[in-house]
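Engineer: Please see the structure below; I have some questions.
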Amino acid sequence: MEARAYLKNARIAPRKVQIVLDLIRNKPTNVAMAILKHTPKAACEPLEKLLKSAIANAENNHNMDKDNLYVAECFVCPGPIMKRIRPRAQGRAFRVLKRTSHVTLVLKEKE
């Protein structure tokens, strides 16, 4: 039995999210929540919200025990890239790629 939560189109680059996901993979949910609260990264705020959502899904939809949950899987995939233009010298324009992320978090119960 597993509980999932998804975060789609988060306006943060996937490589920045990946750093934080590596910290919480295979950790109990209470430890993962503490790591997210005390890590000074931009990705932590939306990931903390996502973890809370996954915990709520586990409790309400699958009747799992909140205290026995751990982060079984967590991964990030690149979402759509917004292309913007930055003016440069002599009338040129440089392209700015604003990357987005799709994050998936899977919680399982310890045996």
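We did not get these values from a lab; they are worked out from the coordinates using the rules stated. Quick caveat: nothing in here was measured; it's all calculated off a predicted structure. Positions of Cβ are generated from backbone atoms using ideal geometry, with glycine treated the same way; all protein chains shown enter the neighbour counts.
Engineer: How many residues does segment 74-98 contain that are closer than 14 Å to Ala5 by Cα and free of Cβ contacts under 8 Å to residues at least 40 places away in the same chain?
Structural biologist: Qualifying residue count, segment 74-98: 0.
Engineer: Please state which of the following conditions Ile35 fails to meet, knowing it meets all the rest: (1) under 13 Å from Leu107 (Cα atoms); (2) hydrophobic (A, V, I, L, M, F, W, C); (3) in a helix (DSSP H, G or I).
Structural biologist: Ile35 satisfies all of (1) under 13 Å from Leu107 (Cα atoms); (2) hydrophobic (A, V, I, L, M, F, W, C); (3) in a helix (DSSP H, G or I) except (1).
Engineer: Counting only residues that are without any contact (Cβ under 8 Å) to a residue 40 or more places away in the chain and surrounded by fewer than 15 Cβ atoms within 10 Å (Cβ to Cβ), how many does segment 17-48 have?
Structural biologist: 11
Engineer: Here is a list of conditions, (1) of a type outside the set (Gly, Ala, Ser); (2) loosely packed, with under 12 Cβ neighbours inside 10 Å; (3) in contact (Cβ under 8 Å) with a residue 12 or more places away in the chain, and Asn63 meets all of them except one; can you say which number that is?
Structural biologist: (3)
Engineer: Evaluate segment 43-59: report whether one residue or more is under 16 Å from the mean Cα position of the chain (by Cα), among the hydrophobic types (A, V, I, L, M, F, W, C) and not in a helix (DSSP H, G or I).
Structural biologist: For segment 43-59, residues under 16 Å from the mean Cα position of the chain (by Cα), among the hydrophobic types (A, V, I, L, M, F, W, C) and not in a helix (DSSP H, G or I): present.
Conditions tested, residue by residue: (1) of a type in the set (S, T, N, Q); (2) closer than 13 Å to His102 by Cα.
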residue: Arg15; (1), (2): no, yes
residue: Ile19; (1), (2): no, no
residue: Lys27; (1), (2): no, no
residue: Asn61; (1), (2): yes, no
residue: Val71; (1), (2): no, no
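Engineer: Going by the structure shown, is Arg11 surrounded by 15 or more Cβ atoms within 10 Å (Cβ to Cβ) and either over 12 Å from the mean Cα position of the chain (by Cα) or of a type in the set (Lys, Arg) (or both)?
Structural biologist: No; evaluated as a whole, the condition is false for this residue.
Engineer: On to the next question. Would a scan of segment 66-89 turn up a residue that is surrounded by 12 or more Cβ atoms within 10 Å (Cβ to Cβ), in contact with a strand residue (DSSP E or B) (Cβ under 8 Å, 6 or more places away or on another chain), farther than 15 Å from Ala10 by Cβ and among the polar types (S, T, N, Q)?
Structural biologist: yes
Engineer: Please go through segment 90-106 and give me each residue that is small (Gly, Ala, Ser) and surrounded by 11 or more Cβ atoms within 10 Å (Cβ to Cβ), ordered by number.
Structural biologist: Ser101
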